[in-house]
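Have a look at the structure below, then the notes.
The values are calculated or read from the model by the stated rules, or taken from the named source; none is laboratory data. Being a predicted model, the structure only gives us computed values, none of them experimental. Cβ coordinates were reconstructed from backbone atoms using ideal geometry, including for glycine residues, and neighbour counts include every protein chain displayed. Note: areas computed on protein heavy atoms with side chains; ligands, DNA, RNA excluded. Shrake-Rupley method; radii C 1.70, N 1.55, O 1.52, S 1.80 Å.
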Amino acid sequence: MSQPHPTNPVHPTNPADRSHPADRSHPADQSPPSERAACVPFTAAETGALHDALHGIVADGATPGGVVVCGTAAGDRAVLSAGVVSPFTGPVAPDENTVYDIASLTKVTATWPLVGRAVDAGLLALDRPVREFLPAMDGTMPSAEATVRQLLSHTGGLRAATRLDLYDLTERPLHELICRELMENLPGTHRYVNRGYILLGLALAHVHGRPLERLAGALWAELGMGATAYGPLAQSPRVAPTEQCEGHDRVWGVVHDENAALLGGVAGHAGVFAPAADLATYAERLLGGRGSALGRWFDASLVPQAEIEPGLQRGLGWILGAGGAVVHHHGFTGTSLFLAPATGRYVVIATNAVHNGAASRIRIAPLRERAFKTLASTAG
């Protein structure tokens, strides 16, 4: 059951007069060892089972290759690899530095942490309508009444189909086109929606007066995620291609998500590229900095907001499983990040499972299930 949510009374006024928290260093994000999670190292049997699962999905044709990093908040890492980056780029095996389109992991590696910082700085308020943090709009804007909390937790009631291609982006600004739409569900009902995170990305840019990609870039640089970026990226063997749709070139170095592509590759729901090594660094910061600003935001986000299905809850951004012992999120292209806060363990999955067609991505399920069960088995 959700707990009562305190209201933050601070609202932005003039974006041009605001400071830029993403520009400032956050020394509190470097927590002393005494405040870090107790870490349970991975056993050889556990890493072996994960490696077998990775090889299994490659052999099954689910993906040309992939990388798994299993590690702890203490910095211990095991890097597992199988297959090739892509037959299209030659017989090069992927490693922890191969850059993948992480799709909806954008939500929890860019938008979610930036929202936390903006809330902490008083630029956003969780329980206020998102319209208060967007450029002024005239007329009835039903979807603008969803709160920041509801958008983070996919409970805002917005339309589930993103389909930005149906909008005339020359007629009105994107935030108005989304906000004028009628809601499809009553607020409070869970339904996975991309457009809520698109609005959050637009709100972040507005309240800071800076583009989303610059805000995110500053955050990643501070966290030590030097190879993480919004696209487009230069095509090279270190960048994993994704899908080749009929009549088009293979998608390579540009975002796979069509709606993010319409926005120039930068959006709150998709568009980020990252190597498994950077995602591992991010996991270590989340798990190892529990007394930091980022760590406190992570802890606050693990309060259940809505049920997804029996056994799975939605927090702020994150999916909560195994009674909240395993926190995770997936990306459409074949990426995942699993975290076990109580044991300081994590599993990163980086694949380009849409390489052989979007339908192939469901065949990486055995690897995701193995990651989840591995963390759940030691979390209690």
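For the chain, carbon and sulfur atoms together expose 54% of the accessible surface, with a 1.4 angstrom probe and every protein chain in place. Put simply, the Cα atoms of the range 160-207 extend 32, 26, 15 Å along their principal axes, the longest span coming first.
Below 8 Å between Cα atoms, with a sequence gap of 6+, how large is the relative contact order for the chain in percent?
On the way: 866 pairs, mean separation 99.2, N = 380.
Relative contact order of the chain: 26 percent.
For residue 49 and residue 192 in one chain, what is 0.36 nm times their gap in residues minus the Cα-Cα distance, to one decimal in nm?
Values: separation 143, 0.36 × 143 = 51.48 nm, distance 3.09 nm.
Stretched fully, the residue 49-residue 192 segment lengthens by 48.4 nm.
Can you give me the relative contact order of the range 326-380 as a percent, contacts being Cα pairs under 8 Å and 6 or more apart?
Across the range 326-380, relative contact order equals 35 percent.
Probing with 1.4 Å while keeping every protein chain in the model, the per residue accessible area of the range 271-380 equals 28 Å². Each residue, residue 93 and residue 307, gets one label point 7 Å from its Cα in the Cβ direction; the gap between the two is 4.6 nm. GNM, the chain, Cα, under 10 Å: largest mean-square fluctuation among 39, 70, 245? Per the Cα network of the chain with a 10 Å cutoff, 245 tops the list.
The calculated FRET efficiency for the pair residue 378 and residue 221, based on their C-beta separation and a Förster distance of 35 Å, comes to about 0.60.
Only residues of the range 340-380 count here: report those whose backbone N is under 17 Å from the spot 7 Å along Cα→Cβ of residue 38, or say none. Inside the label zone: 340-346, 376-380. For residue 326, the amide hydrogen comes within under 5 Å of the amide hydrogens of 321, counting only partners 5 or more places away or on other chains and with H modelled in the peptide plane.
Excluding residue 329 itself, what net charge comes from residues whose Cβ is under 14 Å from its Cβ, given Lys and Arg +1 and Asp and Glu -1?
Working: positive: 107, 314, 368; negative: none.
Computed value for this residue: +3.
Spacing of the modelled spin labels on residue 342 and residue 246, each 7 Å from Cα toward Cβ, amounts to 5.0 nm. Label separation (residue 181 vs residue 145): 1.7 nm, computed from points 7 Å beyond Cα along the C-beta direction.
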